[in-house]
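The values are calculated or read from the model by the stated rules, or taken from the named source; none is laboratory data. All values derive from a computational prediction rather than experimental measurement. All Cβ positions, even for glycine, are placed from backbone atoms using ideal geometry, and neighbour counts span all protein chains on display. SASA here: full protein model, heavy atoms, side chains in, ligands and nucleic acids out. Shrake-Rupley method; radii C 1.70, N 1.55, O 1.52, S 1.80 Å.
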Amino acid sequence: MRYLNPKADLTFKRVFGEHPDLVMSLLNALLPLAPGEDITDIEYLPSEMVPENPLRKNSIVDVRCKDKQGRQFIVEMQMIWSPEFKQRVLFNASKAYVRQIDSGENYHLLQPVYSLNLVNGIFESELEGYYHHYRMVHVENSDKVINGLQLIFVELPKFHPHNYTEKKMQALWLRYLTEIDEKTVEVPEELLANPEVKKAVKAVEESAFTPAQLLGYEKFWDIISVEKTLYYSAEQKGLKRGMEKGIKEGLEKGIKEGLEKGREEGEKKGREEVARSLKKMNLPVEQIILATGLTAEEIKQLKIEN
């Protein structure tokens with residue numbers, strides 16, 4: 001049996017955009033929901049908000065849904081990381097939050113918005129963990145929270161399967177997203193033992209797709225490859241420009257500081273020469289200080305040639 005990578009546009013939307021039970025299982029496994037807050041029903045919402053940056057317009061796949069309580073869930077598969085991605089996620093989640101009510105309606109009608117972002121790259125290199133949860137908390141008392149937006153980022157390359165007990169489903173779903181691809185020959189028994197993950201595995205079997213869909217699947221990876229190249233090229237050009245600007249500014253600053261230092265040293269030498277002449281004339285030290293601005297100690301150390 002040959003499988004397709006579930007992170008691609010075609011497969012991700014097939015698995016999580018067409019099977020409410022699967023996206024609900026994924027959300028319950030990966031979202032920071034308190035006991036008793038599990039999602040029990042799902043209604044799909046239309047996807048929107050294509051990213052503005054033309055370099056990465058095809059690298060983001062999203063699925064949007066809500067439950068009967070009105071809580072909204074945005075699930076995104078981010079293939080190429082970029083620094084502005086966090087701000088884009090915050091903007092989209094905020095927009096979904098604001099759109100819940102019309103002008104003049106009561107704010108108590110607002111329900112939380114959860115944004116789950118699966119990132120196929122590493123962006124928090126200084127942190128060991130793969131799971132990053134953002135929410136609005138009091139700076140000094142983190143138990144004080146303003147509910148509304150919850151942003152979750154999962155760095156897939158950092159995930160490594162362990163013997164998880166409390167978060168078994170989280171581990172299974174992340175293994176599914178990181179271990180299943182075109183090179184998969186045999187699916188691990190642990191994945192097939194779970195009915196939901198098994199269903200997701202079957203959904204990405206190559207035989208489940210038409211030739212036209214498979215062609216689109218291959219085209220998706222070609223586009224991602226091109227976008228990676230374009231982004232890397234733009235990043236390198238930006239780095240080069242930054243280095244050139246830094247070198248230029250450094251040189252200009254060095255020259256300016258050198259000239260300033262030289263001017264100051266020249267002025268001091270000139271004052272010292274005047275002080276020597278006045279010292280030869282046996283003028284009082286107080287008058288030499290007034291005339292040159294040198295200190296009594298500096299005047300004392302000046303040597304006078306006979």
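The residue that is nearest to S82 (Cα to Cα), counting only those in segment 154-198 that are at pLDDT 90 or above and among the hydroxyl-bearing types (S, T, Y), is T178. Per the listing Y114, Y107, the residue uniquely in contact (Cβ under 8 Å) with a residue 24 or more places away in the chain and over 23 Å from I224 (Cβ atoms) is Y114.
Regarding L151, is this residue modelled with pLDDT of 90 or more and either outside any loop (DSSP other than H, G, I, E, B) or open to solvent by 30 Å² or more (accessible area, probe 1.4 Å) (or both)? Give the derivation first.
On the way: modelled with pLDDT of 90 or more: yes; either outside any loop (DSSP other than H, G, I, E, B) or open to solvent by 30 Å² or more (accessible area, probe 1.4 Å) (or both): yes.
Yes.
Going by the conditions given, is K158 within 23 Å of I224 (Cβ to Cβ) and surrounded by fewer than 11 Cβ atoms within 10 Å (Cβ to Cβ)? Judged against the criteria, K158 is not a match. All of (1) touching a Ser or Thr at 6+ places or on another chain (Cβ under 9 Å); (2) β-branched (V, I, T); (3) at pLDDT below 90 hold for I146 with one exception: (1).
Scanning for something of a type in the set (G, A, S), over 28 Å from I80 (Cα atoms), loosely packed, with under 11 Cβ neighbours inside 10 Å and at pLDDT 65 or above, does segment 276-289 turn up at least one residue? Can you show your working first?
Quick first cut of segment 276-289, residues of a type in the set (G, A, S) only: 277.
Cutting the leftovers down to over 28 Å from I80 (Cα atoms) gives us 277.
From the residues that got through so far, the ones that are loosely packed, with under 11 Cβ neighbours inside 10 Å too are none.
Looking through segment 276-289, none of the residues is of a type in the set (G, A, S), over 28 Å from I80 (Cα atoms), loosely packed, with under 11 Cβ neighbours inside 10 Å and at pLDDT 65 or above.
Regarding segment 130-142, can at least one residue be identified that is open to solvent by less than 80 Å² (accessible area, probe 1.4 Å) and under 20 Å from L45 (Cβ atoms)? Checking segment 130-142: not a single residue is open to solvent by less than 80 Å² (accessible area, probe 1.4 Å) and under 20 Å from L45 (Cβ atoms).
When residues in segment 100-129 are screened for being open to solvent by less than 90 Å² (accessible area, probe 1.4 Å) and among the acidic types (D, E), 2 of them pass. Out of the residues in segment 62-114 that are assigned to a strand (DSSP E or B) and of a type in the set (D, E), which is farthest from P157 (Cα to Cα)? Only one residue tops the list, namely D62.
Quick check on segment 51-79: of everything there that is touching a Phe, Trp or Tyr at 6+ places or on another chain (Cβ under 8 Å) and open to solvent by 30 Å² or more (accessible area, probe 1.4 Å), which residue is modelled with the lowest pLDDT? For segment 51-79, the residue satisfying everything is L55.
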